[in-house]
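Novice: Please read through the structure below; I'll follow up with questions.
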Amino acid sequence: MSMLYGIAVFPSQAVQDFANSWRIRHDPHYSIIPPHMTVRDKEELSDAQLPAITEHMEAVASQTKPFQVHFNRVSSFYPASHVLYLALEDPTPMIRLHEAVCSGPLHVPSPNFVYTPHVTIGQNMPPDELHDLYGNLRMSAVDLTTPIDQLHLLRKTASGVWHIDKSFDLQG
């Protein structure tokens, strides 16, 4: 049997509270997953694949030191997609984590997009609403720092809600 899995990190409660203050009105996924940074996009995995993936993630976590990231602005993926997000001042540590996770049994042969670590604060908005909100938010000061010390394997339940299936402490 296969289920939908994804890999993510969760920022501090302060960052989640800030993101949720916008997500509650502008993100239809607000009720199914907390604010997060996707490390590897969702995909169907079978029960048979999980042991190798778990072992791989344990290895990545054991070799990765905890780190901090700083969100310093609101940005948008428009026109590629109607998404507003909290952007990182320096995405390098998250990109390194993404590259480590997306190797071995989780290798992605030809990704559909360039990996841009972020926390979504709005998506699937009509263009006018997106532009109005982005126009207001890009003038706002964003100064949020969060430790990244765990990696999470998430599973989508039958009800559509994402739950943590297994957590991995960064120990490098």
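Bear in mind that the values in this text are calculations on the coordinates, not laboratory data. From a predicted model like this one, the values you see are computed outputs, not experimental measurements. Heads up, the Cβs are rebuilt from the backbone with ideal geometry, glycines too, and the neighbour counts pull from every protein chain shown.
Novice: Once label points are set 7 Å from the Cα along Cα→Cβ at both ASP128 and ASP90, what is their separation, rounded to one decimal in nm?
Specialist: Each label point is offset 7 Å from its Cα along the Cβ direction, giving 4.3 nm.
Novice: What percent do you get for the relative contact order of segment 1-52 when only Cα pairs under 8 Å and 6+ apart count?
Specialist: Result for segment 1-52 is 60 percent.
Novice: Between ALA158, ALA19, ALA80, find the one with the highest GNM mean-square fluctuation for the chain; connect C-alpha pairs within less than 10 Å.
Specialist: Residue with maximal mean-square fluctuation among ALA158, ALA19, ALA80: ALA80.
Novice: How much length, in nm to one decimal, is gained on full extension between ASN112 and SER21, taken as 0.36 nm per residue of separation minus their Cα-Cα distance?
Specialist: Result for the pair: 29.8 nm of gain on full extension.
Novice: Whole-Hz Karplus ³J(HN,Hα) for segment 12-21, in order, using 6.51 cos²θ - 1.76 cosθ + 1.60 and θ = phi - 60°, x for Gly and Pro?
Specialist: 4, 4, 4, 5, 4, 4, 4, 4, 5, 4
Novice: Another one. Where the centroid of each part is defined by its Cα atoms, how far is segment 74-89 from segment 1-34 in Å?
Specialist: For segment 74-89 versus segment 1-34, the Cα centre distance is 15 Å.
Novice: List the lysines whose Cα sits under 23 Å from the Cα of LYS42, skipping any in the same chain fewer than 8 residues away.
Specialist: Partners within reach: LYS156, LYS166.
Novice: Does a label point 7 Å from the Cα of ASP165, set along Cα-to-beta-carbon, have any residues of segment 37-55 with amide nitrogen under 15 Å, and which are they?
Specialist: The answer is 39-55, whose backbone nitrogens lie closer than 15 Å to the label point.
Novice: Do you know the relative contact order of the chain, to the nearest whole percent, from alpha carbon pairs under 8 angstrom that are 6+ apart?
Specialist: 35
Novice: Assuming 0.36 nm per residue, please report the length gained on full extension of the stretch GLU55 to MET3 beyond their Cα-Cα distance.
Specialist: Full-extension gain reported as 16.9 nm.
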